[in-house]
Amino acid sequence: MLSRLVLRSAVRAVPQSTPRALHRALPRTSISQIARPSTFTPRRYQSEWNRYPPPPPPRKPQRIIHYRYDPNQIQHAKPIVTTEQISRAVRSPTTKWIVIISAGSATVFYFANLEEVPVSGRKRFNCYSDETVEAEGMRMYQMIMQENARSILPDWDRRTRMVHRVMAKLIPASGLEHVDWEVHVIDSPECNAFVIPGGKVFVYTGILPVAKNDDGLAAILGHEIAHNLARHASESMSSMVMLAPLRFLFIFLDSTGYTMGLGRVLGDMAMDLGLARPASRKQESEADYIGLMMMAQSCYNPQEAVKVWQRMEIAQKDQDMPEWLSTHPSNSNRITQMQQWLPKAEAARSESECAVTLGYSEDFKAAFKDNSLLGMFRSQ
């Protein structure tokens with residue numbers, strides 16, 4: 001229809017013209033411009049075009065390739081990295097410079113992040129800041145709160161008040177008064193208690209019979225607070241940074257095809273049993289010592305810590321495993337170490353601010369005992 005209108009207007013404009021002249025008189029409009037919407041096309045045709053667009057061009061069918069597992073082909077497959085490539089890379093001077101620079105940078109980084117653990121004085125590597133560790137702890141805190149929202153005891157509960165009472169005496173001795181402490185007691189038979197970095201304390205009611213009294217609970221909570229004081233969480237995260245090159249080495253050996261895919265598994269087992277678990281046991285023993293000194297300075301009886309671990313040994317009798325497979329020292333070794341540390345703990349208790357109060361208390365007990373004995377003799 002549009003082409004007819006254009007043709008008629010051109011014929012009227014040039015009634016007596018040759019075909020060549022008629023061609024010159026036609027507007028310079030191609031068929032493609034007439035076919036698609038433009039300023040030349042009326043609005044009604046534009047709306048029709050938008051309503052009924054042309055169909056998309058047909059797509060070519062994709063070829064689906066099915067791969068089948070062929071053990072013979074896998075067995076005779078070539079490794080990704082050959083021995084010649086490794087030897088050529090080792091002999092390369094560029095590789096030697098990369099190794100020298102990397103080793104030097106790692107050494108400087110290691111010694112720049114060495115620090116001393118409070119109380120124990122042990123040297124260790126730590127490259128994570130407190131803010132980073134607390135951010136990780138906050139994620140764990142939110143997850144635990146969601147899982148145990150209905151099991152958290154109120155503040156007026158006697159078990160919650162007991163934990164608050166002990167924490168109020170332990171916090172000044174820890175030197176962490178600036179931390180925003182939060183105490184949550186969970187009604188659960190689980191025998192557990194822990195402190196998340198950032199001052200989030202969780203105590204399960206199943207551990208209270210093992211604690212038995214305030215002194216026993218002070219031994220447990222002092223141990224958990226000691227982990228925060230010694231920054232053991234950031235130390236564990238830093239150890240993974242040091243073990244990462246070894247892990248990549250085992251992955252590289254797997255890629256060569258000579259370890260048959262077992263290099264990474266055996267490497268992880270070796271690092272876990274040979275490095276990670278011994279380091280965790282060392283941290284636990286360190287927390288035992290710091291917690292014992294802390295409870296002694298808070299006027300709690302350090303001898304009760306030995307009794308706590310004796311009761312813990314009875315409660316966990318069915319869960320005993322070899323110490324080299326565990327992340328914690330065995331209860332018998334803990335009891336032996338506690339007994340060796342008791343003289344230092346008693347000395348710390350006598351030198352603390354509560355020594356005068358403890359002296360009056362001991363004199364009162366002795367006088368009360370003498371008066372009771374005197375009353376017995378008089379009654380006879």
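The values are calculated or read from the model by the stated rules, or taken from the named source; none is laboratory data. The shown structure was predicted, so the numbers you read here are calculated from the model rather than taken from an experiment. Cβ coordinates were reconstructed from backbone atoms using ideal geometry, including for glycine residues, and neighbour counts include every protein chain displayed. To get the accessible areas, we keep the full protein, side chains included, count just its heavy atoms, and leave off ligands, DNA and RNA. Shrake-Rupley method; radii C 1.70, N 1.55, O 1.52, S 1.80 Å.
Which whole-number percent of Cα pairs in segment 103-206 have a distance greater than 23 Å?
43
Could you state how much accessible area D214 has, in square angstrom rounded to the nearest 10, with a 1.4 Å probe and all protein chains kept in place?
Answer for D214: close to 40 Å² accessible.
Taking the mean number of other Cβ atoms within 10 Å as a proxy for protection, how do you rank 292-300, 93-101, 308-316 from highest to lowest?
So the peptides 292-300, 93-101, 308-316, ranked by packing, come out 292-300, 308-316, 93-101.
Once both labels are modelled 7 Å past Cα along the beta-carbon direction, what's the R139-A168 spacing in nm?
3.6
In units of 2.2 N^0.38 Å, what is the alpha-carbon radius of gyration of segment 142-193?
It is 1.25.
Could you work out how far apart the two model spin labels at S188 and I152 are, taking each label as a point 7 Å from the Cα in the direction of the beta carbon, and quote it in nm?
1.3
At what distance in nm do the modelled label points of Q339 and T107 sit from each other, each positioned 7 Å from its Cα along Cα→Cβ?
4.7
In this model, which of K169/K344; K169/K317; K123/K317 are farther than 30 Å apart at the alpha-carbon?
K169/K317; K123/K317
At a Förster distance of 41 Å, what's the computed FRET efficiency of T83 paired with A279, Cβ-Cβ distance as r, to 0.05?
0.70
Rounded to whole Å and sorted largest first, what semi-axes of the equivalent ellipsoid does the C-alpha gyration tensor of segment 146-248 yield via the square root of 5 times each eigenvalue?
28, 17, 13
With an 8 Å Cα cut-off and a minimum separation of 6 or more residues, compute the relative contact order for segment 132-206 in percent.
Dividing the mean separation by the residue count of segment 132-206 yields 32 percent.
Over segment 85-167, calculate the relative contact order: mean separation of alpha carbon pairs under 8 Å at least 6 apart, over the residue count, as a percent.
11
If each residue of separation counts as 0.36 nm, what is the full-extension length gain between Q316 and Q303 once their alpha-carbon separation is subtracted?
2.6 nm is the gain from fully extending Q316 to Q303.
Within segment 82-121, what whole-number % of the accessible surface is contributed by carbon and sulfur, with the 1.4 Å probe and all protein chains included in the calculation?
67
Multiply the residue gap between F125 and Q62 by 0.36 nm, knock off their C-alpha separation, and tell me the result in nm, one decimal place.
17.1 nm
What is the Cα centroid distance between segment 115-168 and segment 188-229, reported in whole angstrom?
Between the Cα centre of segment 115-168 and that of segment 188-229, the gap is 10 Å.
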